[in-house]
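Note sheet for the following structure.
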Amino acid sequence: SSPADGSGPALISSPEISMGRSSAACAPLRASPLLLAAGAAADEPFPRYACGEGQNSYPFCDTKLPIEKRVEDVISRLRLEEKPLLMEARYSPLGNISRLGIPQYDWGGNCVHGVQSRCGRGTKGDTRCPTPFPNPNFLGATFNESVWHGMGRVIGVELRSLWRQEVGEDHESNLPPIGLDCWSPNINVVRDPRWGRNLETPGEDPLLLGRFGAAVTQGLQHGDDPKYLQVVVTLKHLVANSLEGTWDGPGGPAAYPGRGLCPGGKCTRHTFDPNISTYDLASTYLVAFRESVVKGGALGVMCSYNSVNGVPSCANKWLLGQKLRKEWGFQGYVTGDSGAVADIYNTHFYTPTMEDAVAEVAVNAGTDVQSGLWPRDHPWSVHGEYIDLIPKAVRAGKLKEAAVDEALRHTLTLRFRLGLFDPPQDQYYEHISPDAVRSDGHV
């Protein structure tokens, strides 16, 4: 665990606002001075790699074995109570399995138009804050896939550098330490100025959104080392998420079973349940996600707060199983938006109990990771419905442990592909200098 007072590196948040230019974003870094000879820091407060000294004799640490066998070895060694610790998005700096040498990991970093984190320090002690790009709404207006790819490439390099420096998400405590997963790009359709998040997405056209998602995905995930992923994207928000605020609307009582457009009579992103035709889903709302997965190779998807046609997105087997994995060939992980799993019971009233929401619905539908909420003024979640209820549900026979193991395969495979179970000193990305952040080539 970590100190609650946020003690750690003296890192500050940038007060600056500027726009990054993408003209040099795709320049290769292999011959760059922005590489260091040193590997991982010896005094880092939160270990970033598994298989450290004294705990590297497990078969899952053997780099000669295929990733599939290494993942299975990890799963076979996990106790039931430990498994959901690896299925919580923002449980870091908790969530480590110390007896196996598996460190904490934060799945919840945001990178919509730059890494959203604290600032780092350059090799000369100077403050280096992540390069900020124009909002995606402006980037969409460029109609330039090279610009979009370039932004992804810069963000990926800077996230690797900041992660290496133990930089945290953008909280005063510098916690949780940021991971290598970007909760971006946002490729929801913008068709109503009242949404409130219009600047996060490139536009209203499904084709444009798909091209943007694919280009950013390729820039983020694939860098200069073909052996490892640079970072992992998380496309959001699947699906038809375009409502903010609180609006009066029709709906049944705020009780199970939830009925109507907005159960409880208040329309929010947590209660909204629109009826969308199969045609509109196929021609508008799913287009960008399919393009980003099939053409871009995206390895992460976030299911949204809202329901569609009576089923919460994070409980939708047709959406997460049939469409995403079977038809589109998705090979990555699915996370719920923060609190979305709890919404299945709390605001959609889709199940009679929270245990049913977790056991019979979310995990079985394909929501591999849950993002729990956290107390006010506390930067990371201190519990989650998965942690609280998965072991209980398995023992009660409501959830098969095999379904939990399948979710772990999706998440652990990505951590292996990022190189987090391999010796860091031999990895290209571990040698990216702190000076890469907001370097001349990036701004």
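The values are calculated or read from the model by the stated rules, or taken from the named source; none is laboratory data. As the structure is a prediction and not an experimental result, all values here were calculated from the model. Ideal geometry is used to build each Cβ from the backbone, glycine not excepted, and the neighbour counts take in all protein chains shown. What goes into the accessible areas is simple: the full protein's heavy atoms, side chains included, and nothing from ligands, DNA or RNA. Shrake-Rupley method; radii C 1.70, N 1.55, O 1.52, S 1.80 Å.
With a 1.4 Å probe and every protein chain kept in, tell me what percent of the accessible surface of the chain is carbon plus sulfur. Roughly 52 percent of what the probe reaches on the chain is carbon or sulfur. Amide H contacts of residue 201: 137, each under 5 Å away and 5 or more positions distant or on a separate chain (H built 1.01 Å from N in the peptide plane; Pro and chain starts excluded). From the square roots a ≥ b ≥ c of the eigenvalues of the alpha-carbon gyration tensor of the range 216-360, which class results: rounded (a/c under 1.5), prolate (a/b over b/c), or oblate? Prolate is the answer for the range 216-360, as a/c is 1.5 or above and a/b outweighs b/c. A simple spin-label model places pseudo-atoms 7 Å from Cα toward Cβ; at residue 378 and residue 322 they are separated by 4.0 nm. Note on the range 72-158: Cα-Cα pairs beyond 16 Å make up 67% of the total pair count. Using Cα pairs under 8 angstrom and six or more residues apart, how large is the relative contact order of the range 294-411, in percent? Relative contact order here is 26 percent.
Quick check on my link table: of 227/323; 295/323; 236/295, which ones sit more than 21 Å apart, alpha carbon to alpha carbon? As for pairs spanning more than 21 Å Cα to Cα, those are 227/323. Ignoring lysines fewer than eight residues from residue 392 along the same chain, the ones with Cα atoms less than 26 angstrom from its Cα are 83, 317, 400.
About the centre of its Cα atoms, the chain shows a dipole size close to 640 debye [charges on the beta carbon of Lys, Arg (+1) and Asp, Glu (-1) only; nearest 20 debye].
Probing with 1.4 Å while keeping every protein chain in the model, the per residue accessible area of the chain equals 40 Å².
Residue-wise HN-Hα couplings along the range 377-382, as the Karplus relation 6.51 cos²θ - 1.76 cosθ + 1.60 with θ = phi - 60° gives them from phi, are 6, 10, x, 9, 6, 9 Hz; Gly and Pro carry x.
I'd like the distance separating the alpha-carbon centroids of the range 196-210 and the range 284-324, in whole Å. Result: 16 Å between the Cα centres. In the calculated pair-distance distribution of the range 51-200, the portion above 28 angstrom amounts to 37 percent of the Cα-Cα pairs. On full extension, the segment bounded by residue 65 and residue 392 gains 114.4 nm, given 0.36 nm per residue less the C-alpha separation.
For the chain, what is the mean residue ellipticity at 222 nm derived from helices alone (per DSSP H run of n ≥ 4: -39500 (n - 2.57); sum divided by total residues; nearest 500 deg cm²/dmol)? Can you show the working numbers first?
Values: 8 runs with 95 residues, N = 443.
So the calculated ellipticity at 222 nm is -6500 deg cm²/dmol.
How far apart, in nanometres, would the label points at residue 77 and residue 406 be if each is projected 7 angstrom from Cα along the Cα-to-Cβ direction? Simple spin-label model gives 2.6 nm for this pair. Size descriptors for the range 214-292 (Cα atoms only): Rg and Dmax, in that order, 18.0, 54 Å.
Can you pull the Kirkwood radius for the range 298-443, inverse mean 1/r over Cα pairs, to one decimal in Å?
Details: mean 1/r = 0.0589 Å⁻¹.
Taking the inverse mean of 1/r over all distinct Cα pairs, the range 298-443 comes out at 17.0 Å.
For residue 102, the residues 5 or more places off, or on other chains, whose built amide H falls under 5 Å of its own are 97. Using all pairs of distinct alpha-carbon atoms, the Kirkwood hydrodynamic radius of the range 382-438 works out to 14.5 angstrom. Expressed as a fraction of 2.2 N^0.38 Å, the C-alpha radius of gyration for the range 170-252 is 1.39. Amide H to amide H, with H built 1.01 Å from N, residue 238 comes under 5 Å of 302, 303, 304, counting only residues 5 or more places away or on other chains.
Applying D = kT/(6 pi eta Rh) to the range 260-309, where Rh is the Kirkwood radius over alpha-carbon pairs, T corresponds to 10 °C and eta to 1.306 mPa s, the Stokes-Einstein value obtained is 128 µm²/s. Taking only the Cα atoms of the chain, the ratio Rg/Rh comes out at 0.95, with Rh defined as the Kirkwood radius. Put simply, the convex hull of the Cα atoms in the range 132-285 casts, on average, a shadow of 11.8 nm².
The label point for residue 145 and the one for residue 256, both projected 7 Å from the Cα toward the Cβ, are 4.8 nm apart. 3J(HN,Hα) along the range 149-163, derived from phi through the Karplus expression 6.51 cos²θ - 1.76 cosθ + 1.60 where θ = phi - 60°, amounts to 4, x, 4, x, 5, 5, 4, x, 5, 5, 5, 4, 5, 5, 4 Hz, with x in place of Gly and Pro.
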